[in-house]
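Visitor: Quick one: the structure is below, questions incoming.
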Amino acid sequence: MTVFQPDREFALGRARPRTPDAHDPSTVDGTLIDDPGVRAPLVLGNRDFRSVTATICGWIEDKTPKWWFPAFFIAANVAGLGTVMILYLIITGVGVWGLQIPVAWSWDITNFVWWVGIGHAGTLISAILCLFKQKWRTSINRFAEAMTIFAVICAGTFPGIHVGRVWMAWMLFPIPNYNWIWPNFRSPLLWDVFAVGTYFTISLLFWYMGMIPDLATMRDRATARIDEKVTFGPLWAPHPLPGFIKRLTITLPANRIAAYFYGILAMGWRMSSRHWWNYEKAYILLAGMSTPLVLSVHSVVSFDFAVSILPGWHTTIFPPYFVAGAIFSGFAMVLTLLIPARALYPGMKDFVTARTIENMCKIITVTGSMVGFAYMMEFFIAWYGANPNEKEAFLIRAFGPYWWAYWIMVTCNVVSPQVFWFKWARTSIPFIFLISIVVNIGMWFERYVILTTLSHDFLTSSWGYFSPTWVDIFTFVGSLGIFTTLFLLFMRFLPMLAISEVKNVMPQADPHHPMYHGHGHGNGHQNGGH
Amino acid sequence: MSHSHAHADLALAPDNVYLSDNAGRSLWMGLGAVGLGLVAVTVLGGITGDAKTASIALHAYHTAAMYVMGIPLGAMGVVMILHQVNAGWSATLRRQFENVMRLMPVGIAAIIGSFVLQAVFVRVFPAGEKAPYLWNWMNPAYIDGDPLYAAKWPYLTLWRFYGCALLYFAIWMGLSSALWNYSTRQDADGDRWHTARARKLSAVGLPLFAFTTAFAAFDWVMTLDFHWFSTMFGVWYFAGNMVGCLATTLLVLVLLRSFGRLHVCFTDEHLHDMSKLLFGFTVFWAYISFSQYFLIWYAMIPEETLFFIVRREGVWNYLAWGVPIGHFIVPFILLLPRPWRRKRGVVGLMCVWLLAMHALDYFWFIRPEVKGSGLHWLDAVGVVGPILVLAGALVRQVASGPLVPLKDPRLGEALGHTNTI
């Protein structure tokens, strides 16, 4: 046995994180540093707390960016189109979709599962990564949670409208009626209602609760502006304003509205230490509650298929495989939204660093490979199980009439994320954006492929081929519009990044940090207010 | 920074990070001797009885072999995951995971023991359908005219079976030795880039680990009844191993701490986080086991349910209830309150409890394959023997070197680790 003398100086030296070299081009913005002795900074640009607040609140308080209105106009119109499609469906009946026997379930449930899957990233980032103390998550968790909630809203639409007689959808809930007809508690479709309902409630609570300190910051900033006088001339007047034109000096009603709007939402938050204590406790409790929900929701969704005895649907790996796929698509959607936002909002790159993006790419590779693992297991057991129907179902998936869907799925979900093994791929933003969209397409096809199994009924005479109608297509496109509209509103009116949480992971938040002493003790949270 | 100075001085003092020379010598020798003795008793008990007794001995031994293989395997997975995510908090604990991982040869020897024991038993006892095979598909009399074997034979051949086993062993030995070498070489030369190399290796190692673990579970457990199949089975073995290796490592840490080692290196904060991980993987195991059972139960397809029907009959039905309660509900309740997760006594007891439950879980999956048999005294002997050998090897391994990676670049981070809530 060789005894090495422990090296005290060595350990001490490592106790202090070293500053990375920002000029090294291989580290992109200074964060992609491989040296194990260095922790990459989480916030760039030598920011102090004040500038963090100013930047993030500025995205809401400044003039609406020019791109926002056309984007909102298009999104809202597409959302309107979706709404019209739903109305058309309700007025006419589900026959307007391409559903027939044997494929009596297709785009409606595909869209549902796709959206619910996307809705997994937010809670994973805010709950599981919180429990794992992944500090880099602070700059994207608010963003991802908002996405989660809007995705679940879109998801919830589809089961509601696909039941045929929409006015009877309330019977999914266990409400006793005069005929004493209860829902079928043995049906996984009913478990879905509970699972998704619980998930939505907890995610919404988590999102909202996490936002309260930031809403209070917004309230305080708006309140400070209530009496601020603004002087301006008529809209048509040239600039600078000639002296003879009458000027108007008013206080802006928008500031008063904002003060009340954020004030009500902030629920009397005063940044007191007792508030923070309760907040932290509630945060960790909600994180604990959300964590099993991340797994349970998509597991229950997978039960929709897996409890059946249909070849291709009944396989035991479905629950974790669906969860991995959900996280996979959710991260892809976060990237799809984050990359343009990062380019459009000034200063966002200081928070969402190259390393944040790289980490997300890696999660996409891991979860994409898990999904690939599950595809392989399914195929292997379909053969090994020696059930001819099962084998047939999988062969038809890969080589039958829907072969194109199957191979789109494999290419997009298993092959495409493997590019992130290479650093150039993880650092090229346009490329990542492209892959994120490819993954979303792939995950939509994954659910579609599962559904196409229905087209091969047990009797050859009952085989069919599903083709979507224009209503199918526009309903799906419409759901994208609803999602985008909600997201644009979120970007415009709510703090996109968790201000207080980002501050928590900055070096200044550490009581041993020299800057902390420089400003005097206790400035951490006071600065958070203004 | 004054805190860190004091911490580092105390943390890295030699009597904090080394056990004394010859520590645990009599313990590991005793454990090893008793364990090997019990293995010998299992073999003798099998040989001197009838074919069914031999089969019981074989299955009991194989339960332990899967257990002894799984724990180092799980630890290797944890080490690779910790490297992959650049974990800082666990730098002071990683050496114990590595020590458990280092027992890979013991696990491999245990599995080879299953191969050898089967080969011996089938030669001692007369051939025929009842011959004491672990893997009945190797028994020509058993598979004669079996249509399912006819459909699956390409997978169920001796060449593939032993060839794949060799491949798994090679991959696991290669990965675990390389990871161990990076870590111990860093102790010697202090080169922080060893950490980066270990990280790169882990990236490649994890997919290899996933596939080999899954197929090892298929080969060594699922094909015990080659009629049955479940896509989840690899994940089930992984989940069980994670619980097993976390409980083992945490137990080692708790014991070292109670022997007055690892001050500052393994604080209540580390204990808390390790307990959380143990709790998390206990729930994960329950999730995987439940999903597998539930989907098969609900669909009620004869070729799938048969496997569980056998395990719901006779004495096995007690285990069918006991394992979920003991392996999930009890630890779930006991590890849920925060104060208990920070108590070494409670956590240590939970580790012992979970290690026992983990063995019962494997026992419930493997042992009922001896059809029409009840519990036998050989069950206790056969399962405990190899596990004691593993425990002895672990004591020897832990005592053989420094208890923390002495020059890990993230040591400072781990020493100052705290939980805010």
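Visitor: Within region A:264-273, which residues are within 19 Å of A:Lys503 (Cβ to Cβ) and in a helix (DSSP H, G or I)?
Guide: Hits for region A:264-273 are A:Ala266, A:Ser273.
Visitor: Another question about this same structure. Looking for whichever is over 30 Å from the mean Cα position of the chain (by Cα) and either under 25 Å from A:Ser302 (Cα atoms) or crowded, with 18+ Cβ neighbours inside 10 Å (or both) here; the options are A:Arg186, A:Arg247, A:Arg225, A:Arg221. Which one fits?
Guide: Working: A:Arg247 fails: either under 25 Å from A:Ser302 (Cα atoms) or crowded, with 18+ Cβ neighbours inside 10 Å (or both); A:Arg225 fails: either under 25 Å from A:Ser302 (Cα atoms) or crowded, with 18+ Cβ neighbours inside 10 Å (or both); A:Arg221 fails: over 30 Å from the mean Cα position of the chain (by Cα).
Exactly one of A:Arg186, A:Arg247, A:Arg225, A:Arg221 is over 30 Å from the mean Cα position of the chain (by Cα) and either under 25 Å from A:Ser302 (Cα atoms) or crowded, with 18+ Cβ neighbours inside 10 Å (or both), namely A:Arg186.
Visitor: Name the pairs: first residue in region B:194-206 and at pLDDT below 95, second residue open to solvent by 10 Å² or more (accessible area, probe 1.4 Å) and outside any helix (DSSP H, G or I), Cβ to Cβ under 6 Å, at least 6 apart or on different chains?
Guide: That search, which allows pairs on different chains as well, returns B:Ala196/A:Asp34.
Visitor: Sticking with this one: Scan region B:189-212 residue by residue and report those that are open to solvent by 10 Å² or more (accessible area, probe 1.4 Å), within 10 Å of another protein chain (Cβ to nearest Cβ) and among the hydrophobic types (A, V, I, L, M, F, W, C).
Guide: Correct list: B:Trp193, B:Ala196, B:Ala203, B:Val204, B:Leu206, B:Ala210, B:Phe211.
Visitor: Moving on to the next point. Hey, does region B:348-359 have a residue that's more than 23 Å from B:Gly74 (Cα to Cα) and modelled with pLDDT of 95 or more?
Guide: Scanning region B:348-359, I find no residue that is more than 23 Å from B:Gly74 (Cα to Cα) and modelled with pLDDT of 95 or more, so the answer is no.
Visitor: May I pose another question? Please state which of the following conditions B:Gly314 fails to meet, knowing it meets all the rest: (1) in contact (Cβ under 8 Å) with a residue 12 or more places away in the chain; (2) surrounded by fewer than 16 Cβ atoms within 10 Å (Cβ to Cβ); (3) within 13 Å of chain A (Cβ to nearest Cβ).
Guide: Result: B:Gly314 passes all but (3).
Visitor: Determine if region A:118-128 includes at least one residue that is within 24 Å of B:Asp273 (Cα to Cα) and open to solvent by 20 Å² or more (accessible area, probe 1.4 Å).
Guide: Yes, there is a match, as at least one residue in region A:118-128 is within 24 Å of B:Asp273 (Cα to Cα) and open to solvent by 20 Å² or more (accessible area, probe 1.4 Å).
Visitor: Scanning for something over 30 Å from A:Lys362 (Cβ atoms) and either among the hydrophobic types (A, V, I, L, M, F, W, C) or surrounded by 24 or more Cβ atoms within 10 Å (Cβ to Cβ) (or both), does region B:67-86 turn up at least one residue?
Guide: Step one: filter region B:67-86 for residues over 30 Å from A:Lys362 (Cβ atoms), giving B:67-68.
Filter once more, so that each one left must be either among the hydrophobic types (A, V, I, L, M, F, W, C) or surrounded by 24 or more Cβ atoms within 10 Å (Cβ to Cβ) (or both): B:67-68.
Yes, some residue in region B:67-86 is over 30 Å from A:Lys362 (Cβ atoms) and either among the hydrophobic types (A, V, I, L, M, F, W, C) or surrounded by 24 or more Cβ atoms within 10 Å (Cβ to Cβ) (or both).
Visitor: Do any helices (runs of 4 or more DSSP H) lying entirely in region B:83-159 carry at least 3 residues that are closer than 22 Å to B:Phe266 by Cα and within 20 Å of the chain's Cα centre (by Cα), and which ones are they?
Guide: On the way: elements: B:94-101, B:104-124, B:140-143, B:147-152.
Passing ranges, in order: B:94-101.
Visitor: Please pick out the residue among A:Ala386, A:Ala332, A:Ala341 that is out of contact with any strand residue (DSSP E or B) (no Cβ under 7 Å at 6 or more places or on another chain) and at positive phi. Before you say what the answer is, go through the steps one by one.
Guide: Values: A:Ala332 fails: at positive phi; A:Ala341 fails: at positive phi.
Exactly one of A:Ala386, A:Ala332, A:Ala341 is out of contact with any strand residue (DSSP E or B) (no Cβ under 7 Å at 6 or more places or on another chain) and at positive phi, namely A:Ala386.
Visitor: For residues that are within 13 Å of chain A (Cβ to nearest Cβ) and open to solvent by less than 80 Å² (accessible area, probe 1.4 Å), tally how many sit in region B:317-343.
Guide: Number satisfying all stated conditions: 5.
Visitor: Of all the residues that make up region B:379-421, how many are within 10 Å of another protein chain (Cβ to nearest Cβ), over 26 Å from A:Lys133 (Cβ atoms) and part of a helix (DSSP H, G or I)?
Guide: 1
Visitor: In contact with a Phe, Trp or Tyr (Cβ under 6 Å, 6 or more places away or on another chain) and within 14 Å of chain A (Cβ to nearest Cβ): which single residue out of B:Phe226, B:Phe215 fits that description?
Guide: Criteria check complete, one pass: B:Phe226.
Visitor: Also, quick follow-up: Output yes when any residue across region A:196-210 is among the hydrophobic types (A, V, I, L, M, F, W, C), in a helix (DSSP H, G or I), open to solvent by less than 60 Å² (accessible area, probe 1.4 Å) and farther than 30 Å from B:Ser291 by Cα, and no when none is.
Guide: yes
Visitor: All but one of (1) more than 14 Å from chain A (Cβ to nearest Cβ); (2) out of contact with any Asp or Glu (no Cβ under 8 Å at 6 or more places or on another chain); (3) at pLDDT below 95 hold for B:Asn136, so report the exception by its number.
Guide: Against the list (1) more than 14 Å from chain A (Cβ to nearest Cβ); (2) out of contact with any Asp or Glu (no Cβ under 8 Å at 6 or more places or on another chain); (3) at pLDDT below 95, B:Asn136 comes up short only on (2).
Visitor: Please work out if A:Pro183 is at pLDDT below 90, outside any helix (DSSP H, G or I) and closer than 30 Å to A:Val323 by Cβ.
Guide: yes
Visitor: Quick one: which of A:Ala266, A:Ala259, A:Ala306, A:Ala287 is farther than 30 Å from A:Asp457 by Cβ, at the interface with chain B (Cβ under 10 Å from one of its Cβ atoms) and buried (at least 19 other Cβ atoms within 10 Å of the Cβ)?
Guide: Matching residue, one of A:Ala266, A:Ala259, A:Ala306, A:Ala287: A:Ala287.
Visitor: Please work out which residue is nearest to the other protein chains (Cβ to nearest Cβ), limiting yourself to region B:143-183 and to residues that are open to solvent by 40 Å² or more (accessible area, probe 1.4 Å) and touching a residue at least 40 places away in the same chain (Cβ under 8 Å).
Guide: B:Leu148
Visitor: While we're here: Would you check if A:Asp220 is in a loop (DSSP other than H, G, I, E, B) and charged (D, E, K, R)?
Guide: Values: in a loop (DSSP other than H, G, I, E, B): no; charged (D, E, K, R): yes.
No.
Visitor: Next up: I'd like the full set of residues that are of a type in the set (S, T, N, Q), touching a Ser or Thr at 6+ places or on another chain (Cβ under 7 Å) and at pLDDT 90 or above, limited to region A:103-137.
Guide: Correct list: A:Asn111 only.
Visitor: Okay, moving on. Any residue at all in region B:53-71 that's within 11 Å of chain A (Cβ to nearest Cβ) and among the aromatic types (Phe, Trp, Tyr)?
Guide: no
Visitor: What number goes with the only condition from (1) open to solvent by 40 Å² or more (accessible area, probe 1.4 Å); (2) farther than 30 Å from A:Phe318 by Cα; (3) in contact with a Phe, Trp or Tyr (Cβ under 9 Å, 6 or more places away or on another chain) that A:Pro234 does not pass?
Guide: It fails just one condition, (3).
Visitor: In the set B:Leu44, B:Leu19, which member is surrounded by fewer than 23 Cβ atoms within 10 Å (Cβ to Cβ) and either within 14 Å of another protein chain (Cβ to nearest Cβ) or basic (Lys, Arg) (or both)?
Guide: After ruling out the rest, the residue left standing is B:Leu19.
Visitor: Can you confirm whether region B:76-91 contains a residue that is more than 14 Å from every other protein chain (Cβ to nearest Cβ), closer than 29 Å to B:Ala217 by Cα and touching a residue at least 40 places away in the same chain (Cβ under 8 Å)?
Guide: yes
Visitor: Same structure again: Within region B:288-308, track down each residue that is in contact with a Phe, Trp or Tyr (Cβ under 9 Å, 6 or more places away or on another chain), open to solvent by 30 Å² or more (accessible area, probe 1.4 Å) and facing chain A (nearest Cβ under 8 Å).
Guide: The answer is B:Tyr298, B:Glu303.
Visitor: Oh, and also: Give the number of residues within region B:123-142 that are touching a residue at least 24 places away in the same chain (Cβ under 8 Å) and either out of contact with any Pro (no Cβ under 9 Å at 6 or more places or on another chain) or small (Gly, Ala, Ser) (or both). Talk me through it step by step, then tell me what you get.
Guide: Keep residues of region B:123-142 that are touching a residue at least 24 places away in the same chain (Cβ under 8 Å), which gives B:124-126, B:130-137.
Cutting the leftovers down to either out of contact with any Pro (no Cβ under 9 Å at 6 or more places or on another chain) or small (Gly, Ala, Ser) (or both) gives us B:126, B:130-137.
Residues in region B:123-142 being touching a residue at least 24 places away in the same chain (Cβ under 8 Å) and either out of contact with any Pro (no Cβ under 9 Å at 6 or more places or on another chain) or small (Gly, Ala, Ser) (or both): 9 in total.
Visitor: While we're looking at this one, here's another question. Kindly indicate which of A:Gly347, A:Gly372, A:Gly368, A:Gly330 is within 14 Å of the chain's Cα centre (by Cα) and either open to solvent by 10 Å² or more (accessible area, probe 1.4 Å) or away from chain B (no Cβ under 11 Å) (or both).
Guide: Checking each option against the conditions leaves just A:Gly330.
The values are calculated or read from the model by the stated rules, or taken from the named source; none is laboratory data. Because the structure is a prediction, the values reported are computed rather than measured. A quick note on method: Cβ atoms are made from the backbone with ideal geometry, for glycine too, and the neighbour counts reach across all protein chains shown. Each accessible area value is taken on the protein alone, full model and side chains, heavy atoms only, with ligands, DNA and RNA left out. Shrake-Rupley method; radii C 1.70, N 1.55, O 1.52, S 1.80 Å.
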